[in-house]
Amino acid sequence: PAAHPREGAAGQAGAADGAAAFLREGARPRPTAFKDAAAPQPSAAPAPEAPVTLGKIGHGGPQTYVAHMPDDGYDVEAAVKTVLGEYVERGSNHGKKVFQKVHKEEDLKSAKAVDVLLYYWDDRNGKDFEGWWFGNKLGGTQVWALSKMQSLTPPGSGWKIPWNAEFTYPGFKVTPKQDKSAKDVERKCKDLTTQAQEQEDLANTALAKAKALGGVGGEASGAGRGDFLETESELTSLAETLGITEKMIAEALKMAAEAAACGVAAAAASMRALRQLGKGVHTKKDELTLEFARVKSTRQKEEREAMMALNEEKDNSAWEVILLEATKKTNAAEDGAEKAAIHMELLAVCEDDEDLVQKTLRETEQEARRAQKAIAEAKVYIGGKTAETRNFVEGPKKRAQEELGRLREQLAAAEAWLAP
C-alpha cells in the first residue's frame, strides 16, 4: 500500500506547500509495483475546516457505490482486488460524503477483510493531494487509489492505482449501485436471452432428429440401437443444460427484484422478460424430457421384442431336440408294452402245452419288465423336460406343454396294456 499525508497542526502549512511543490516539479517517483507508491508526507498540514463525522448519514438514506472492473475477465493486482466491492455512505469529510466498504460474510469469517474508505480530500495539503481516495482511514498513510476529480460524488473514472501512477487504471470504475444494478440486470437479461435461444435451437434440432427415429432397425429410418442411445444422450444433455440456464434465470430474476426494490425503474421490464424467458426454457426442458422418455421406451420395447424373438428361436431349437428324444423314449416304451401284450395273448393259445406255457410265461415276464423300465425312463425324462420347458417363451412353451401332455397319455395307455 501507498502512503497518504496525514492532517497535522495548523501552523505547518509551509511544509505542506513545499511538499506539493516538490511533486509538481516532476520529482515524484514512478513505481513499477504498488508497494513502491509512497507519497511524500508534509511535516505538518492545516487542520480540517470541519471535523470528520463518520457515522452520520445525510438526508434521504445512505448512498451506495460499487467499485468494479468489467465482467469480461480481468487479471488484476492485489491492490485492485482490495478496493473492489460495495461502499455505503458512512458520514462526511471536507464537505463531501465518506463511503465505507461492505465486506462479504465469508471474508469476515476468514479474516481477509481489509478496512477501506472512499473519501474526498481537499487542497489544504496542496493540489497534488486533492481528490477522491481509497484508503484505510481518513487522511491515513495507507492508500490504494486516487482520482484527481473534484466532483461532489465519487467519480466514475480517472482512477490511478497506485495513486501516483503515470496513467489511470484501465477498466476500473466507480458507479452508483442503482446504475450498476440496472446495467447488470440488463446485460444479464440480454446474455441469458441469447444463451437460451441458442440452446432452444439445439433442442429443436435434437427433437426433430428424435421424432424421425422409427423402431430399432426400422425400415423407415434405418435406426439402430446405437442411434437411439446417441439420441437419448443428446436429449438428456440438452435437458440438463436448459435446467442450468433455468437456474441462472431464477438467480437473475432475484437480482432484478433486488434492483427494483432499490428503485431501478428498468428492472421491472427485465423481470417481465426474465419470467417469460424462464417459462419458455422450462417448457422446452419438459419437451426434451418427454421425448427422451418416448425414445427410451421405444428402444426398450424393440430390445424386448428382439430378445423374445432370439429366445423363441433358441427355445424352438431346444424343443426340437427334446421332442425327438421324448418321442423316441415313448415309442420304445409303447413297443415294449405291445410285445408284452402279444406274449400274454400267446398264453391263451398254448395253454394245453405245459412246456410252451412256461416258456411263453417267462418271455412275457421279461418283456413286461423291459416295457415297465422303458415306460419309467420315458416318464422321468418327460417329467424333467416338462419342468424345463416352463421357462420357454410363450410360443415354444405352449407347444411343448401340449406335445409332452400327449406323450404322457401314450405312456399311460402303454401301462394299461401291462395291467394283469
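Selection of region 392-420 for residues being open to solvent by 60 Å² or more (accessible area, probe 1.4 Å) and of a type in the set (Gly, Ala, Ser) yields only 416. The numbered conditions (1) touching a Gly at 6+ places or on another chain (Cβ under 9 Å); (2) acidic (Asp, Glu); (3) loosely packed, with under 14 Cβ neighbours inside 10 Å are all true for residue 367 except (3). Summed over region 141-154, residues that are in a loop (DSSP other than H, G, I, E, B) and either of a type in the set (D, E, K, R) or closer than 16 Å to residue 101 by Cα (or both) total 4. Considering the conditions (1) assigned to a helix (DSSP H, G or I); (2) in contact (Cβ under 8 Å) with a residue 24 or more places away in the chain; (3) crowded, with 20+ Cβ neighbours inside 10 Å, residue 264 is excluded by exactly one of them, (1). Checked against the criterion of being farther than 30 Å from residue 272 by Cα and not aromatic (Phe, Trp, Tyr), region 178-199 has no qualifying residue.
Going by what's in this entry, would residue 182 be described as in a helix (DSSP H, G or I), within 30 Å of residue 280 (Cα to Cα) and modelled with pLDDT of 90 or more? So residue 182 does not fit the description; no. The residues in region 135-172 that are open to solvent by 50 Å² or more (accessible area, probe 1.4 Å) and in contact with a Ser or Thr (Cβ under 6 Å, 6 or more places away or on another chain) can be counted, and the count is 1.
The values are calculated or read from the model by the stated rules, or taken from the named source; none is laboratory data. This is a predicted model, so every value here is computed, not measured. Positions of Cβ are backbone-derived with ideal geometry, glycine not excepted, and every protein chain shown enters the neighbour counts. Protein only, heavy atoms only, side chains kept; ligands, DNA and RNA dropped before computing areas. Shrake-Rupley method; radii C 1.70, N 1.55, O 1.52, S 1.80 Å.
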